[in-house]
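Presented below is the structure to which this report refers.
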Amino acid sequence: MCLPTLDQQAIDAVRWIASIAVPAISGLIGVIIGAWLTSRREQKQRQLTFLEKQLSSFYSPMLGLRNEVKTHTAFRMRVQNEADAAWRQICADTEHLDVQARQRITTECGPEFKRIIEYDNDKLNEALLPAYRKMLELFRESYWLAEQETRAYYDGLVEFVEVWNRWTDKALPAEVLKRLEHSEDNLAPFYEHIERTHDAICQKLKNGAP
């Protein structure tokens, strides 16, 4: 009877160890890879969930308020420009009349044109200023959802709303208001940023790639 040599015994031992170790190592590697993939999926899902929250609770409402203000402002300017042109036309059409006739016509038409200014002032207090205040409230309450670049616009919005608050409370003389250079144009960079960021988040969600 021929006994196994030492080398053969070593080879058999290595084979036996390998038969046990390889499946175990392969299983461990599989578990590690599976855990890593699961972690990546969960991380991606958390990022997508946060983007959805940003969009639904901050950027979309903010953009909606911005569009509301923009539409009202643009139409107000259009009405004012047309009113100015119409008044000039009335003056031109009555230029050949005597002073009394012209005075009668301007007296009749004047209140309607004055009402345009009154209506715009009412609209400012009843719709536009509340919209600005809602913007600021939304920004304050959802600050944690704003991108770092977006947060840079917070101070400017606070100042813009505060100027209007002081003006409506008659706590800001017209001369001071003029020197502050208070204008809707000051918010233009903020409006553009909100729309750009809103669209970028929408695209990320559409692509499923945070």
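Please work out if residue 198 is touching a Phe, Trp or Tyr at 6+ places or on another chain (Cβ under 9 Å), open to solvent by less than 90 Å² (accessible area, probe 1.4 Å) and assigned to a loop (DSSP other than H, G, I, E, B). Judged against the criteria, residue 198 is not a match. Need pairs with beta-carbon distance below 7 Å; first residue over 18 Å from residue 124 (Cα atoms) and within the stretch 167-189, second at pLDDT 90 or above and in a helix (DSSP H, G or I); sequence gap 6+ or separate chains. Listed by first residue and then by second, the contacts come to 180/163. Residues that are open to solvent by less than 50 Å² (accessible area, probe 1.4 Å), of a type outside the set (Asp, Glu) and within 27 Å of the chain's Cα centre (by Cα) within the stretch 110-128 comprise 124, 127, 128, listed in sequence order.
Could you tell me whether residue 51 is modelled with pLDDT of 90 or more and in contact with a Lys or Arg (Cβ under 9 Å, 6 or more places away or on another chain)? Criteria met by residue 51. The single condition from (1) at pLDDT below 95; (2) assigned to a helix (DSSP H, G or I) that residue 181 fails is (2). Taken over the stretch 96-124, the residue count meeting the criterion of being farther than 30 Å from residue 168 by Cα and either touching a His at 6+ places or on another chain (Cβ under 8 Å) or in a helix (DSSP H, G or I) (or both) is 9.
A quick yes/no check of all residues on (1) at pLDDT 90 or above; (2) of a type in the set (A, V, I, L, M); (3) open to solvent by 80 Å² or more (accessible area, probe 1.4 Å):
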residue: 63; (1), (2), (3): yes, yes, no
residue: 73; (1), (2), (3): no, no, no
residue: 81; (1), (2), (3): yes, no, yes
residue: 85; (1), (2), (3): yes, yes, no
residue: 94; (1), (2), (3): no, no, no
residue: 103; (1), (2), (3): no, no, yes
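If you check 209, 131 for being more than 16 Å from residue 55 (Cβ to Cβ) and either open to solvent by less than 70 Å² (accessible area, probe 1.4 Å) or in contact with a strand residue (DSSP E or B) (Cβ under 9 Å, 6 or more places away or on another chain) (or both), only one passes: 131. Go through the stretch 74-95 and report how many residues are within 24 Å of residue 188 (Cβ to Cβ) and not in a helix (DSSP H, G or I). So the answer is 0. Taking the criterion of being basic (Lys, Arg) and either within 20 Å of residue 70 (Cα to Cα) or loosely packed, with under 14 Cβ neighbours inside 10 Å (or both), the residues of the stretch 152-195 that qualify are 170, 178, 179.
The values are calculated or read from the model by the stated rules, or taken from the named source; none is laboratory data. The structure presented is a predicted model; accordingly, all values stated were derived computationally and were not measured. FYI the Cβ positions are ideal-geometry reconstructions off the backbone, even for glycines, and counts take in every protein chain you see. Please note that ligands, DNA and RNA were not included when accessible areas were found on the heavy atoms of the full protein model with its side chains. Shrake-Rupley method; radii C 1.70, N 1.55, O 1.52, S 1.80 Å.
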